[in-house]
Amino acid sequence: MKNTKKDIRVLSRKEIQDFFLSHNIPSFKGNQVYQWLWKKGVHDFDLMTNLSLEHRILLNTYFEINHINIDFQQRSTDGTIKNAVKLHDQFIVESVLIPTSKRTTACVSSQVGCSLDCVFCATAALKRMRNLNADEIYDQVVAMDKQSKLYFKRSLSNIVFMGMGEPLLNYKNVLLAIDKITDPDGLAMSPRRITLSTSGIPKMIKKMADDKVKFDLAVSLHSARQEVREKIMPFANKFPLNDLSKSLAYWYQYTKKQITFEYVIWEGVNDKKEDIQALIKFCHQIPSKVNLIQYNPIDNSLMKEASEEIIESYLKALTQSKIKVTYRRSRGEDIAAACGQLANKL
Ligand code: SAH
């Protein structure tokens, strides 16, 4: 028999209250259920002890509570934990918990696979299967907050949307999840500790500014030359750098938040003087900083990270041009948990 029950976790607080009202039950019961679901993270109506048996039966008749399960966990020698997260329909995404001396950062996925075609990214090879629901995104954060407390004796300090998928192509659910993460009846985390990383979709960057979001923005730039960027991020032919820079100026105008550009330097791709000059020019248009990231090679790829010397020349040129820049070493490489390596290799 086909399961016709609805996942209660896709309903808003108001919708749950309305459900109770439509059964002639006071709406505050809906509030209690909402808190059980989101504040206490309960996955069984029968554990909601302030509901009567009658109300629990009613909920069980109409609803189910879908949730993720951590299927598999790998720990890197540097402390990074990679989780294979099984969804209710058996798809698997990955979430990574990254500890440093001061912080623990959760890197979460927003889609199963990805529809973009960045040639250097392992997730691109998986294609996009479906978007994650808000609760599936939220659950990853809750699971990693528990792990952070268990292994590192502290709560999560930061969240980055840098796992599988393009968050701006699942905008509604990503924003709903962030609402729950920041809600006092959810995890009550500050939005300033959240960073959304996008491959750069101008229309959606403007939309975020219009929606007055409070989190930080990172853009995977990798090249400030249109012809080079199109070679490594082919979808960029639809989103020219000109439009991207206009949307970022708009973002800054309305949020006053500086943008972080993520940038990998590859041999023979973006390792020339003109690449550096183009990046400097691009950065000068908008208050921004640059995160040079280490390249994590993926299967069958001929791409190779540029030499230390070239990386140094980028660092020097950017610094001389008064652009803030860091070079970030990857974490969790030995378990394929580093940026761009997330492709269900368990
Ligand atoms: N789709 C989003 C978020 C996921 S990718 C985005 O594009 O930003 C997270 C980051 O990892 C991005 O900056 C991406 O460019 C980078 N990345 C992808 N593959 C990589 C690889 N093989 N080595 C290093 N960084 C990589």
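The values are calculated or read from the model by the stated rules, or taken from the named source; none is laboratory data. Computed from a predicted model, the values in this text were never measured in an experiment. Cβ placement follows ideal geometry from the backbone for every residue including glycine, while neighbour counts extend to all protein chains displayed. Remember, those area values only see protein heavy atoms, side chains included, never the ligands or the DNA or RNA. Shrake-Rupley method; radii C 1.70, N 1.55, O 1.52, S 1.80 Å.
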(message) Report every pair of residues separated by at least 6 positions or lying on different chains whose Cβ atoms are under 8 Å apart, first residue within region 208-231 and assigned by TED's automatic domain parsing to the domain that holds residue 171, second within 14 Å of the ligand (Cβ to nearest atom) and of a type in the set (D, E, K, R).
(response) 218/262; 219/262; 220/262; 221/229; 221/262; 222/229; 222/262; 223/229
(request) Collect the residues in region 33-62 that are polar (S, T, N, Q) and under 19 Å from residue 6 (Cα atoms), keeping them in residue-number order. (result) 35, 60, 61
(request) For region 1-65, please list each of the helices (runs of 4 or more DSSP H) lying entirely inside it that holds at least 2 residues being farther than 29 Å from residue 175 by Cβ. (result) 53-62
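Among the residues in region 152-161, are any in contact with a Leu (Cβ under 6 Å, 6 or more places away or on another chain) and at pLDDT 95 or above?
Within region 152-161, one or more residues are in contact with a Leu (Cβ under 6 Å, 6 or more places away or on another chain) and at pLDDT 95 or above.
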(request) Output the strands (runs of 3 or more DSSP E) that fall wholly within region 252-346 and possess 1 or more residues being of a type in the set (Ser, Thr, Tyr) and more than 10 Å from the ligand (Cβ to nearest atom), or say none. (result) 288-293, 324-328
(message) Among the residues that make up region 319-330, is at least one of them in contact with a strand residue (DSSP E or B) (Cβ under 8 Å, 6 or more places away or on another chain), among the charged types (D, E, K, R) and touching a residue at least 40 places away in the same chain (Cβ under 8 Å)?
(response) no
(request) Please go through region 24-42 and pick out each residue that is in contact (Cβ under 8 Å) with a residue 12 or more places away in the chain, out of contact with any Pro (no Cβ under 9 Å at 6 or more places or on another chain) and of a type in the set (D, E, K, R). (result) 29
(message) When you check residue 321 against the structure, is it of a type in the set (Gly, Ala, Ser), under 25 Å from residue 111 (Cα atoms) and more than 20 Å from the chain's Cα centre (by Cα), yes or no?
(response) no
(request) Kindly list the number of the only condition in (1) open to solvent by less than 20 Å² (accessible area, probe 1.4 Å); (2) polar (S, T, N, Q); (3) within 14 Å of the ligand (Cβ to nearest atom) that fails for residue 115. (result) (1)
(message) Just checking, does region 266-288 include any residue being over 28 Å from residue 209 (Cα atoms), touching a residue at least 24 places away in the same chain (Cβ under 8 Å) and touching a His at 6+ places or on another chain (Cβ under 8 Å)?
(response) yes
